[in-house]
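Read through the structure below, which is laid out as structure tokens, and then see the notes.
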Amino acid sequence: MAAVKPMGFSAGLSFSEALDSEAGLARQALYYMQLMREVEERIERKLYRQGKIVGGVYVGRGQEAICVGAGLAAEPDDMLFPCHRDLALYFIRGVHPRQVFAQYMGRVGGLTRGKDGNMHMGDLRLRIVAIISAMAASVPVAAGAAMAQKYKGSRDVTMVFFGDGATSRGDWHEGINLASVQKAPLVLVCNNNHYAYSTPLDKQMACENVADRAPGYGIAAEIVDGNDVFAVHQAARRAVRHAREGRGPYLIECKTFRMTGHSAHDPGDYVPKHLWEEWAQKDPIDRVRRRMIEEGWAVESELDAISAGIRRDVDAAIEWAEASPFPDPSELLEHVYDPAPRSI
Amino acid sequence: MAAVKPMGFSAGLSFSEALDSEAGLARQALYYMQLMREVEERIERKLYRQGKIVGGVYVGRGQEAICVGAGLAAEPDDMLFPCHRDLALYFIRGVHPRQVFAQYMGRVGGLTRGKDGNMHMGDLRLRIVAIISAMAASVPVAAGAAMAQKYKGSRDVTMVFFGDGATSRGDWHEGINLASVQKAPLVLVCNNNHYAYSTPLDKQMACENVADRAPGYGIAAEIVDGNDVFAVHQAARRAVRHAREGRGPYLIECKTFRMTGHSAHDPGDYVPKHLWEEWAQKDPIDRVRRRMIEEGWAVESELDAISAGIRRDVDAAIEWAEASPFPDPSELLEHVYDPAPRSI
Amino acid sequence: MALTTYVEAVRQGIWEEMERDPDVFLIGEDLGVYGGAFKVTLGMLERFGERRVIDTPISESAIVGAAIGASFMGLRPVAEMQFADFISCAFDQIVNFAAKCRYRWNAPAPIVVRAPSGGGIHGGPFHSQNPEAWFCHTPGLKVIAPATAYDAKGLIKSAIRDNDPVIFFEHKALYRRVKEDLPEQEYTVPIGKARVFREGRDLTVVTYGAMVYAAEEAANELAREGISMEIVDLRTLLPIDEETILASVRKTSKAILLHEATLTGGIGGELAARIAEKAFEHLDGPVLRIAAPDCPVPYSPPLEDAFLPNARKVIEKARWLYHY
Amino acid sequence: MALTTYVEAVRQGIWEEMERDPDVFLIGEDLGVYGGAFKVTLGMLERFGERRVIDTPISESAIVGAAIGASFMGLRPVAEMQFADFISCAFDQIVNFAAKCRYRWNAPAPIVVRAPSGGGIHGGPFHSQNPEAWFCHTPGLKVIAPATAYDAKGLIKSAIRDNDPVIFFEHKALYRRVKEDLPEQEYTVPIGKARVFREGRDLTVVTYGAMVYAAEEAANELAREGISMEIVDLRTLLPIDEETILASVRKTSKAILLHEATLTGGIGGELAARIAEKAFEHLDGPVLRIAAPDCPVPYSPPLEDAFLPNARKVIEKARWLYHY
Ligand SMILES: Cc1ncc(C[n+]2csc(CCOP(=O)(O)OP(=O)(O)O)c2C)c(N)n1
Ligand SMILES: Cc1ncc(C[n+]2csc(CCOP(=O)(O)OP(=O)(O)O)c2C)c(N)n1
Ligand SMILES: [Mg+2]
Ligand SMILES: [Mg+2]
């Protein structure tokens, strides 16, 4: 599989290693996971508290392995449908952190020029569909994108991300069922972080795993450790291959934990303390880092340099975003409709 | 289990036998199945063609064992949510055939006084909820009724009917999932007649059985021969017991076949001929009748007399319905809102 | 020359677009072998194959959702709701997603959602509704409701070519009742343009869909009494062709808004508001509305007859307004 | 005496009804331990237990459907949509089922669906909408949108006791901004009655929800210029209290309809139509509407500020109309 061509925002990072080697994957994965964590920490713990973020803030802390592991298994022409804790997908597709900061701050430098906010962003040219706020509404849409890929006879696939909570929505059911009947090349990536907002799994579903629903749709599925970026990536590769081969949808359930409240205004104090502690041990970034050093793929100082590079990039990105202007009120009514309808 | 107290429209029929004996069940089941068949035949093959039916006509020919077998397993206080091929449920609850004819003809003698038509009827006093036209929309509503039964600490259960096609709707998924998480006493009866309108099963779902979806909700399920009223009834008894004992929802998938087009205006010519022929052999009424005679539970002349009684009852019912007036236009705006709001 | 029915006109329009553009495809329930509940897509499976005529499970939300997703990939999906009444099952996908994509992130969602609507067929509360007002209150959508076979064909073609999401209401009672001579050559009808269906001097009725014919019947009757009623057929309900409406009302000085949908919150209110603001100085009488009363669509004929607006009701109000 | 916020008023109203009637229960997402996204149900789990405070999966359609089913059994469900924007996911259950049950088969469905709505909190296109007009076009529903803490409490209590399905919009921007002295004793506010929020002579503004305060601010400013503006707060949007509206307009002869929802197809149209028909002879100027423009609710502050109607916009139009 060809490696995704990443941006490599930090000048110090080289992406020469292919994803096919574990060492190569580790490097890329660590980079994107760290970048995601750094950007989200700044947003949640700094900019939000400084009142610079316009709306709500939802982060994927502790879950970075999922979007990174899966996202790196997609090729540039594959369609991505991120959910609200999948920031790294944007970076993998070449969105610059400064655009993300500007997005959160409602500036024209954001992907939506201030029309929408925070993680509600997308760009069809990058083949990323903007989040649909209604949980699981993206699943039928992704099914349609996958059906279109098949319609056109392309070998592309579509990857859609969602949480455990989204699986209770009717759209989730309708979308997967349609995709399956149509044998559409759809990869379904569930981040099962055990909570939907304050609601624990046992109040959301009476089966043990989200993957237990796969047989009801006649689709392939597997369960992976969502905090292990290697495991997620390998599962995603299997899933992508399956979909690309025309064998229909494939569901990956990634077991993980949300290491924050639901959003920046939620302390998450309904979560039993011991769960925080247990899952803190499984931090996906620490794990990759440790493994890289153990395996001799990198030395500590090298990794520290990468982290430092990310921090510098992020500093600069924030500066750029803060300098990006707010949209002019005259833009308010732009793009409600096509300004120049196709001549008919 | 106490026998349901039926109306016995035909004077000639005695319901002294309890449902607990197979012979007793056979008698009651045969009666309701034949009554349903006779009423629907008159509607579809006579009155509709005579232009006396106001709207569309959907019948349950060949599927009568399902609503009869399951309906006879419910007690009078249990809630029923029929679907559009479950006419006998109304008879079991004491609705008179003349009310059904009047309903189809849009007369005031119908259950809805002409406000709604055909099988879209219900009566809360009889604990039958009117059909909701959007397929599967009844499932969350039935879940709520079952939750209320539990809320009140009663031992009642709710039984909801739907077809294979309905299982593709988001509401089906949401309703079962909620009922299961809430361990609500909900019995789900699926008539899998292999078609939704013109759409065969393999275009609706990629799993083999509707029941394959049950594990995804953590609910009990079984598959039965839907043309065998004894099998359906026993399954329904198990389901009702399960629900009454507080063990949550129970799904019964009844394999059957729609022995008509989707509705009276659909010849159903998309159905391969051999399927009609195969399933005609399995007619649920013939089967009970044959068994009763074989087992010596009844002699032919006795059964013929019952059939004749039904025909007479139905003749009279049609006459009554045709004499029932159309609603007066002055009723148009009645019952949009509560005319006498509870004083507050 | 053979007359073309309204239903056949829609069918021809879709057919021609399918021939013209390989990216146009159909998605919905029972479209293929069965040809759709109203036979609008009859024969299309044979001509265009399963790839382009997709029969789905009963999943309105997924039908619309998938259409949106496919539209992002450059396809031109034409989705069918079996009855307009079931569009409420796909409501979120339409109003919260399709309508906002272009605005939010500059992603056009050029889908068409076809919805057979309207009463007069004894369909009862679940098979007779006219839900267009919900969508007219949803910026980002276009809403169409043709009254004639000519417009039905020309507008479905424009809808398929349009770069924004279009909700296309086809009135069931017109499907086989309306028959017209259609041009041999290809044509389209522009979205967003109303049409003066009948010229008149004394008062204006603004309407659309099946009610155009109620207005016409009334106009014929009124003409005998010397009352000359102009009829504006909106054709497109969103965006509203305010210009044509105001021009007519400024000319006649009197306005009646007529629709089959229920009164309160219906499109008549929107039109009345625009007239009461922008043609205020020209008004020689109250702005009147004629619509179904505020209740579900009843099943039984005497109730449905009482429910539906008709020529008689138009004549009464028009007479009153004429003499005002 | 301590002032009560709008959010606390809703909470008190629900609490009192839960105490009064054991058949009242709550169903929705994150109501229990978390107390609801806006903390309206805080403490209710502790007081009333899991049986009566039901946290559900993310299933808006099932929440409303289950509420309807429970209402058939004699219960009084109060369902919460986490944001009004997600009510579109439950749309079919509300408009096609709940609204029609009484009419179709005489089965009342006394549910309350609470929906925190409105902008001004930088929520963007998915967390700021005012979808009330859709429901006002649905006979069989009642629709409520209180502006004051007093009304919020009194109306939620009436809604819970009402025998018809009620959609209850709570304006998020008012939750913590509005604070009032509330009576010690129990009270309810009748559904279907508007209120003259401020008396005036020269023109009438009919509005509701957060816009009542924009109107008030404008009225204060205009008063300094000698323009006396009456403000009618609808409180209930369906059924509409036509009498109070018409009485005010007949008195002042000039009407402005003001709402935060987008213009086209909004409730302003309905009100304008009623005024243009029934107070026509009393009008001394065009009927004006002030509403958000026809686009999704944007996120970035300069855009949202430009989007939302406000006192300044009211002042401008009111001045113009006054001098008309
Ligand atoms: C249809 C709908 N209802 C409610 C919400 C509000 N909401 C936003 S995120 C969320 C929880 C989502 O849980 P899950 O899918 O598990 O994702 P997670 O946040 O845990 O990653 C809720 C209830 C929503 N966005 N959409
Ligand atoms: C949401 C919705 N979409 C479409 C329809 C139109 N419709 C009525 S019955 C039917 C087929 C139902 O199939 P199934 O559930 O298998 O029941 P069956 O008729 O086979 O008993 C369809 C598509 C509907 N009633 N509701
Ligand atoms: Mg989760
Ligand atoms: Mg079926």
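Reported count of residues in the range B:239-294, each being surrounded by 18 or more Cβ atoms within 10 Å (Cβ to Cβ), among the hydrophobic types (A, V, I, L, M, F, W, C) and either free of Cβ contacts under 8 Å to residues at least 60 places away in the same chain or closer than 30 Å to B:GLY216 by Cα (or both), is 7. Considering the range D:60-172, the qualifying strands (runs of 3 or more DSSP E), each wholly inside and each with 2 or more residues that are over 17 Å from the mean Cα position of the chain (by Cα) and in the same structural domain as D:ARG11 (by TED's automatic domain parsing), run over D:76-80.
Yes or no, residue by residue, for (1) closer than 23 Å to B:GLU174 by Cα; (2) within 13 Å of ligand 1 (Cβ to nearest atom); (3) among the aliphatic types (A, V, I, L, M):
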position: A:TRP172; (1), (2), (3): yes, yes, no
position: A:ALA196; (1), (2), (3): yes, yes, yes
position: A:GLN204; (1), (2), (3): yes, yes, no
position: A:ALA211; (1), (2), (3): yes, no, yes
position: A:VAL229; (1), (2), (3): no, no, yes
position: A:GLY246; (1), (2), (3): no, no, no
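Just checking, does the range B:116-132 include any residue being among the acidic types (Asp, Glu), away from ligand 3 (no atom under 16 Å from the Cβ), out of contact with any Cys (no Cβ under 6 Å at 6 or more places or on another chain) and over 21 Å from B:ALA317 (Cβ atoms)? No; the residues of the range B:116-132 include none that is among the acidic types (Asp, Glu), away from ligand 3 (no atom under 16 Å from the Cβ), out of contact with any Cys (no Cβ under 6 Å at 6 or more places or on another chain) and over 21 Å from B:ALA317 (Cβ atoms). Regarding the range B:189-203, can at least one residue be identified that is more than 10 Å from ligand 2 (Cβ to nearest atom), away from chain A (no Cβ under 12 Å) and surrounded by 24 or more Cβ atoms within 10 Å (Cβ to Cβ)? Yes - at least one qualifying residue is present in the range B:189-203.
Confirm whether D:GLY209 is within 26 Å of C:PRO139 (Cβ to Cβ), among the small types (Gly, Ala, Ser) and crowded, with 24+ Cβ neighbours inside 10 Å. Yes, satisfied. Only one residue in B:VAL232, B:VAL210 is within 14 Å of chain A (Cβ to nearest Cβ), among the β-branched types (Val, Ile, Thr) and either more than 18 Å from B:ALA29 (Cβ to Cβ) or more than 16 Å from ligand 3 (Cβ to nearest atom) (or both), so which one is that? Selected residue: B:VAL210, the only one of B:VAL232, B:VAL210 that is within 14 Å of chain A (Cβ to nearest Cβ), among the β-branched types (Val, Ile, Thr) and either more than 18 Å from B:ALA29 (Cβ to Cβ) or more than 16 Å from ligand 3 (Cβ to nearest atom) (or both). Looking only at residues in the range A:167-188 that are away from ligand 2 (no atom under 16 Å from the Cβ) and β-branched (Val, Ile, Thr), the one that is farthest from the chain's Cα centre (by Cα) is A:ILE176. Between C:PHE83, C:PHE38, C:PHE91, the distinction of being in contact with a helix residue (DSSP H, G or I) (Cβ under 7 Å, 6 or more places away or on another chain) and surrounded by fewer than 23 Cβ atoms within 10 Å (Cβ to Cβ) belongs to C:PHE38 only. For the range A:66-77, filtering for residues that are more than 12 Å from chain C (Cβ to nearest Cβ) and assigned to a loop (DSSP other than H, G, I, E, B) leaves 5.
Under the condition of being hydrophobic (A, V, I, L, M, F, W, C) and within 14 Å of chain D (Cβ to nearest Cβ), the residues counted in the range A:237-292 number 2. The residue that is surrounded by the fewest Cβ atoms within 10 Å (Cβ to Cβ), counting only those in the range B:171-184 that are part of a helix (DSSP H, G or I) and aliphatic (A, V, I, L, M), is B:VAL181. Taken over the range A:62-85, the criterion of being within 13 Å of ligand 3 (Cβ to nearest atom) and more than 18 Å from A:ALA26 (Cα to Cα) is satisfied by A:CYS83, A:HIS84, A:ARG85. Helices (runs of 4 or more DSSP H) fully within the range D:232-324 that include at least 3 residues being away from every other protein chain (no Cβ under 13 Å): D:242-252, D:311-322. Within the range B:157-170, the residues that satisfy the criterion of being more than 16 Å from ligand 1 (Cβ to nearest atom), touching a Lys or Arg at 6+ places or on another chain (Cβ under 8 Å) and outside any strand (DSSP E or B) are B:VAL157, B:THR167.
Taken together, C:ALA133, C:ALA149 contain a single residue that is in contact with a helix residue (DSSP H, G or I) (Cβ under 6 Å, 6 or more places away or on another chain), more than 30 Å from C:SER300 (Cβ to Cβ) and surrounded by 24 or more Cβ atoms within 10 Å (Cβ to Cβ), which is C:ALA149. The lone criterion from (1) under 30 Å from D:VAL53 (Cα atoms); (2) touching a residue at least 60 places away in the same chain (Cβ under 8 Å); (3) hydroxyl-bearing (Ser, Thr, Tyr) left unmet by A:THR199 is number (2). Please work out if D:GLU29 is among the acidic types (Asp, Glu), over 28 Å from D:GLU180 (Cα atoms) and either more than 21 Å from the chain's Cα centre (by Cα) or assigned by TED's automatic domain parsing to the domain that holds D:GLY118 (or both). When the stated conditions are applied, D:GLU29 passes them.
Residue-wise test of (1) within 9 Å of chain D (Cβ to nearest Cβ); (2) in a helix (DSSP H, G or I); (3) of a type in the set (Phe, Trp, Tyr).
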| site | (1), (2), (3) |
| --- | --- |
| A:TYR90 | no, yes, yes |
| A:VAL95 | no, no, no |
| A:ARG98 | no, yes, no |
| A:PHE101 | no, yes, yes |
| A:ARG107 | yes, no, no |
| A:GLY110 | yes, no, no |
| A:ARG113 | yes, no, no |
| A:ASP116 | yes, no, no |
| A:MET119 | no, no, no |
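Taken over the range C:59-80, the criterion of being within 19 Å of D:SER88 (Cα to Cα) and either within 16 Å of ligand 4 (Cβ to nearest atom) or surrounded by fewer than 24 Cβ atoms within 10 Å (Cβ to Cβ) (or both) is satisfied by C:SER59 alone.
The values are calculated or read from the model by the stated rules, or taken from the named source; none is laboratory data. Since the model is a prediction, treat every value here as computed from it, not as a measurement. Cβ atoms come from the backbone with ideal geometry, glycine included; neighbour counts cover every protein chain shown.
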